[in-house]
1. Filter the strands (runs of 3 or more DSSP E) completely within the stretch A:25-105 down to those with at least 3 residues that are touching a residue at least 12 places away in the same chain (Cβ under 8 Å), within 14 Å of chain B (Cβ to nearest Cβ) and buried (at least 20 other Cβ atoms within 10 Å of the Cβ).
2. Only residues that are surrounded by fewer than 20 Cβ atoms within 10 Å (Cβ to Cβ), free of Cβ contacts under 8 Å to residues at least 60 places away in the same chain and within 14 Å of chain A (Cβ to nearest Cβ): list them for the stretch B:229-244, please.
3. Quick one: B:Glu295 ticks every box in (1) crowded, with 16+ Cβ neighbours inside 10 Å; (2) in contact with a strand residue (DSSP E or B) (Cβ under 9 Å, 6 or more places away or on another chain) except a single one, so which number is it?
4. Out of all the residues in the stretch B:74-107, which are within 14 Å of another protein chain (Cβ to nearest Cβ) and open to solvent by less than 10 Å² (accessible area, probe 1.4 Å)?
5. For the stretch B:327-348: of the residues being open to solvent by 10 Å² or more (accessible area, probe 1.4 Å) and outside any loop (DSSP other than H, G, I, E, B), which is nearest to B:Phe270 (Cα to Cα)?
6. Read through the list (1) away from every other protein chain (no Cβ under 13 Å); (2) in a helix (DSSP H, G or I), then give the number of the only condition that A:Leu19 fails.
7. Looking at (1) modelled with pLDDT of 95 or more; (2) under 19 Å from the mean Cα position of the chain (by Cα); (3) open to solvent by less than 30 Å² (accessible area, probe 1.4 Å), which one does B:Arg199 not meet, given that it meets all the others?
Amino acid sequence: MPDERGAAGLVPAVAGFDLDRPWRLHPQVSVRPESFGALLYHFGTRKLSFLKEPALLALVEALPAHASARAAAAAVGLPAASLGRYQQALATLAASSMIVEGSPL
Amino acid sequence: MTTTAPARLVDHFARGLAAPICLTWELTYACNLACRHCLSSSGRRDPRELTTAECRAVIDELERLQVFYVNIGGGEPTVRADFWELVDYATAHHVGVKFSTNGVRITPEVAARLAASDYVDVQISLDGATAEVNDAVRGAGSYDTAVRAMTNLAEAGFRGFKLSVVVTRQNVGQLDAFAALADRYGAQLRLTRLRPSGRGADVWDELHPTAAQQRELYDWLVAAGENVLTGDSFFHLSAYGQALPGLNLCGAGRVVCLIDPVGDVYACPFAIHDEFLAGNVRDTGGFTGVWRSSELFAALREPQSAGACASCGHFDACQGGCMAAKFFTGLPLDGPDPECVVGHGVDALLARGDAAPPKPSVDHSRPVRAAGRRGSGPVPVTIGRAPSVLSPALPPVSACQENPLAGFDPAAVGR
């Protein structure tokens, strides 16, 4: 069984997450789609993460094309009311360097 | 999401993933050691071992399946002549490598090279925090070999390699000492469960922790939390109360599998037996075909019966424990684990009676040494008789000598 893991969306965020900054996947992170969402693996930290909703995967994939996480969420059609939940998930991903701040492509 | 899709992540895992998360690949059955509890009964190289080209083809498949990393083991994988070549090939193809070794090939040069790679992790096996405890299981000199390897890795600046320990009755009292040892070399401690697999079946009664030791271990793991890795191997202990960190399910054939040195694919690394053989990477369709289409894996991904455990209030916590541990102790798969913490396993073992547990179908152990001989090297032979200890030496005694004191050596009498 895997030794290293974390589950985005399962663990309460410990730090805040700035929805108004641009974000993207860390260049050393690979994404493997699965029926529940996706697996993320960071080759640098050797950490595994699970995106437990397809909508969260869509949001993460949309991040680099938008000037802010908020804009990416709007673009993939996430209701504004549920943004807090996704913000927590993104904070968890940022805390483990799965996503990093960066300018949009 | 459809109404039939499970809500919890762990239920998705129980139904199997598109590819394994945790794939163990044993590259060779050859080993310089002969650990008493070896779960793959390793020793001799199998002549049908996958060739370099076949290994590369497997790596190509793993890259396509996005298997992010493989856990390479054996045998002692580093004794394969193409080991470093295969490691380089895997990392160049986005398949990270974590390999288990007894340390025999981790020279300062190799350590420096490993420290320079982000994509390779090393796991040094050690089953005693002292040479005495370790060498009794892993063989004379194996403690020193492992410590030398850890020294070389630490001196090369490799941080966070793993010190991997199989918890036994003899070393369970050394958990703090293992943690200190890992700290000393900048390593992370990894503890795993002793399985009655391979040669482990022969020593399980003697080596597996007692019920009281299991409780000690559980409390120690709860206190250690995420700092100590376990590969989820102690989920049967979750029935004590609080779940241990991890997925707490049997991943066999669902998120885990094993490729053995000849390409056979088994449901998990602890289940090298025809009963758990799903196919071979040399089959048409390769590894991908086995993972996606094997009947065995399909059956494992179906909801499992709790069987005799159905009425137990702890089933949700322990899930009935480890399939391989049950199988190789001769217990039914839909019943308690032999180390069930509420004692149902002990009852089940008694109920089993004299029925012999299944033997491994695959055994690469080196032949047992002939009585009176140590080692398999040349036999020392001296022509003539043993030298006299008298000074001056007695002359050789011929076969025709009739003197009753012929060859009598007073100095030798007391020896």
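The values are calculated or read from the model by the stated rules, or taken from the named source; none is laboratory data. Computed from a predicted model, the values in this text were never measured in an experiment. With ideal geometry, Cβ positions are generated from the backbone for all residues, glycine too; neighbour counts draw on all protein chains shown. Only protein heavy atoms, including side chains, enter the accessible area calculation; ligands, DNA and RNA are left aside. Shrake-Rupley method; radii C 1.70, N 1.55, O 1.52, S 1.80 Å.
1. Qualifying strands (runs of 3 or more DSSP E): A:37-42, A:47-51.
2. Of everything in the stretch B:229-244, nothing turns out to be surrounded by fewer than 20 Cβ atoms within 10 Å (Cβ to Cβ), free of Cβ contacts under 8 Å to residues at least 60 places away in the same chain and within 14 Å of chain A (Cβ to nearest Cβ).
3. Condition not satisfied by B:Glu295: (1).
4. Result: B:Ala90, B:Val95, B:Gly96, B:Val97, B:Phe99.
5. The extreme case among them is B:Phe327.
6. (2)
7. (3)
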